[in-house]
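Asks: This is the structure, below, for whatever I ask next.
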Amino acid sequence: MKNISLNIDKALGIVTKEQILAQAVKANEWNATLQKGDGAGSDFLGWLHLPSSITAAELADIEHTAQQLRSRCDVIVTVGIGGSYLGARAVVEAMSNSFDWLQADRKDPVLLYAGHNIGEDYLHELCEVLKGKQFGIINISKSGTTTEPALAFRILKKMLEETVGKEEAKHRIVAITDARKGALRTLADKEGYKTFVIPDNVGGRFSVLTPVGLLPIAVAGINIHDLVAGAVAMEKATDVTVPFEQNIAAIYAVTRNLLYENGKKIEILANFYPKLHYIAEWWKQLYGESEGKDGKGIFPASVDLTTDLHSMGQWIQEGERTIFETVISVEEPAHHVMVPTDEENLDGLNFLAGKRVDEVNKMAELGTQLAHVDGGVPNIKITMPAVTPYYIGQLFYFFERACGISGYLLGVNPFNQPGVEAYKKNMFALLNKPGYEKESAAIRARL
Ligand code: PA5
């Protein structure tokens, strides 16, 4: 089996290979710090050896539960926000047929998502679409107290119980939360739901390889063994014993930090494979929450190409030169589509006749890379041999490991997210949540 690979050749210029190699000792030290668990945020390093420590029994339990849900439901609503939904959605969207919901003969349940916004129309439309459907709920919240998923779950639970009765609803609801604390733990224990535990030492955005990601992914009919196997391979490939020159996580971490030090404040994660859209959403949370603190941090942005070349392309090519681009390149798509010949050739495309659509896409990718590099946008390339659970597992772990090293190189604690609380405090005060009376008056005075 191949591994995903990293190519930084087209990022060189503003930073040199020598400068990158000069950071090898530092990067290896930070990688060792992760391994030893004696750096900032070391209470949250459970993800580090998660792939290699998942047991067959744990996977079997997840698969058994997924099967139970699949046998009862045509639709599963995954309730969660941030790290409690993005990883699962990333895999499900990458691995599913783009038009799955239109296929009458589908064998896997449809996965829908809730609790990742507070959109009233979104919730109304979700409830409308669920009417008459056999649905179940996977409710995911590590803290068990997050407002968005709690609100969505309250509405969906009521609807499910009213539709199928409390007893049947119990078999269609699974809760994934803390082992002991939080409102969701209390509720799940009281109602007698099947539960899975998110380990204390795994933060939300690093939790995709726990039941948080694995259960919805298994429900969607995707092979979680392959996903974990890919992550295990990358755990080995980025281990502290691997020399810097071969350790793609360490090289990526160093390169992006050097680019940042040289004024490249924004990293754009680009793909030429539309189904990777949610991989980028997951990545943005991982890097945004891990590094954006203490007045520092690369801003993680993303584009789907070639689509966004027709919206963001101008900015990337000629806007403020504060960006670099990291492209996830897919070597081999799952299907072949050939460009047909057309006798009249009114669209002028006969020069492409007989070629695969992917050849056109690949030339667009290469052409874009050169254009952006010429325009002063350093380019890092990550190549996935194919979009499979195995390589997605590799990609997840690669980004997580690199994120740990990168955050330490930047000089922040990559495993906390204190800034996420600020809006919650204001919102609770404005909603008159008990306990926020004092803040309420002060905040209202500022409106
Ligand atoms: O990375 C994190 O810890 C957060 O972004 C969480 O994933 C997100 O806020 C959801 O939290 P919870 O799972 O506690 O509901």
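Asks: How big is the gap, in Å, between the Cα center of the stretch 144-166 and the Cα center of the stretch 42-82?
Replies: What the calculation gives is 20 Å, centre to centre.
Asks: Which of 381, 425, 158 ends up with the largest GNM mean-square fluctuation for the chain, with Cα atoms connected below 10 Å?
Replies: The residue that fluctuates most here is 425.
Asks: Still on this model: Considering the stretch 50-225, what Rg and Dmax in Å follow from its alpha-carbon atoms?
Replies: 14.9, 42
Asks: Could you check the simple spin-label distance between residue 445 and residue 339, using points 7 Å along Cα→Cβ, in nm with one decimal?
Replies: Those two pseudo-labels are separated by 6.7 nm.
Asks: Oh, and also: Rounded to the nearest 500, what is the 222 nm mean residue ellipticity of the chain from helices alone, with -39500 (n - 2.57) per DSSP H run of 4+ residues and division by all residues?
Replies: Dividing the helical sum by the residues of the chain leaves -14500 deg cm²/dmol.
Asks: Loop only by DSSP, 15 or fewer other Cβ within 10 Å of the Cβ. Give me the GluC sites (Glu not before Pro) in the stretch 300-363 that pass, ordered by residue number.
Replies: The qualifying sites are 320, 343, 344.
Asks: Where in the stretch 249-286 is the amide nitrogen less than 14 Å from a point lying 7 Å along the Cα-to-Cβ axis of residue 317?
Replies: Counting only backbone N, you get no residues.
Asks: Calculated FRET efficiency, residue 118 and residue 60, Cβ-Cβ r, R0 35 Å, to nearest 0.05?
Replies: Efficiency, from the Cβ-Cβ distance: 0.45.
Asks: According to a simple spin-label model (label point 7 Å from Cα along Cα-to-Cβ), what is the distance in nm between residue 16 and residue 246?
Replies: Those two pseudo-labels are separated by 2.7 nm.
Asks: Pop out the Kirkwood hydrodynamic radius of the chain from its pairwise C-alpha distances, inverse of mean 1/r, in Å to one decimal.
Replies: Here the Kirkwood hydrodynamic radius works out to 23.4 Å.
Asks: Please calculate the 1.4 Å probe accessible area of residue 133, with all protein chains present, and give it to the nearest 10 Å².
Replies: 90 Å²
Asks: So which lysines pass the test for residue 157, namely a Cα distance under 19 Å, with those fewer than 8 places away in the same chain ruled out?
Replies: Candidates past the 8-residue exclusion: 131, 133, 142, 166, 170, 190, 194.
Asks: Moving to a separate point now. First measure r as the distance between the Cβ atoms of residue 100 and residue 25, then evaluate 1/(1 + (r/R0)^6) with R0 = 56 Å and state the FRET efficiency to the nearest 0.05.
Replies: Calculated value: 0.70.
Asks: On to the next question. Of 259, 341, 397, which is farthest on the positive side of the dipole of the chain, counting Cα position, with +1 on Lys and Arg Cβ, -1 on Asp and Glu Cβ, and the Cα centre as origin?
Replies: Of the options given, the answer is 397.
Asks: What size of dipole, in debye to the nearest 20, comes out for the chain about its Cα centre when the only charges are +1 on Lys and Arg C-beta atoms and -1 on Asp and Glu C-beta atoms?
Replies: Computed charge dipole of the chain: roughly 1500 debye.
Asks: Still on this structure, I have one more. Among 71, 201, 127, pick out the residue whose Cα is farthest towards the positive end of the charge dipole of the stretch 50-225, where Lys and Arg carry +1 and Asp and Glu carry -1 on C-beta, about the Cα centre.
Replies: Of the listed residues, the answer is 201.
Asks: Could you tell me the distance between the Cα centroids of the stretch 424-447 and the stretch 356-421, to the nearest Å?
Replies: Each part reduced to its Cα centre gives a spacing of 40 Å.
Asks: Can I ask one more? Please give the contour-minus-distance gain from residue 225 to residue 261: 0.36 nm per residue of separation, less the Cα-Cα distance, rounded to one decimal in nm.
Replies: In short, 9.0 nm is gained.
Asks: Would you mind telling me the share, in percent, of accessible area of the chain contributed by carbon and sulfur at probe 1.4 angstrom?
Replies: About 55 percent, which is the carbon plus sulfur part of the accessible surface.
Asks: Label residue 236 and residue 53 with points 7 Å out from Cα along Cα→Cβ: what is the distance between them in nm?
Replies: 2.0 nm
The values are calculated or read from the model by the stated rules, or taken from the named source; none is laboratory data. In this text the structure is predicted, and so the values were computed from the model without any measurement. All Cβ positions, glycine included, derive from the backbone under ideal geometry; neighbour counts span all protein chains shown. We work out accessible area using only protein heavy atoms, side chains counted, and drop any ligands, DNA or RNA first. Shrake-Rupley method; radii C 1.70, N 1.55, O 1.52, S 1.80 Å.
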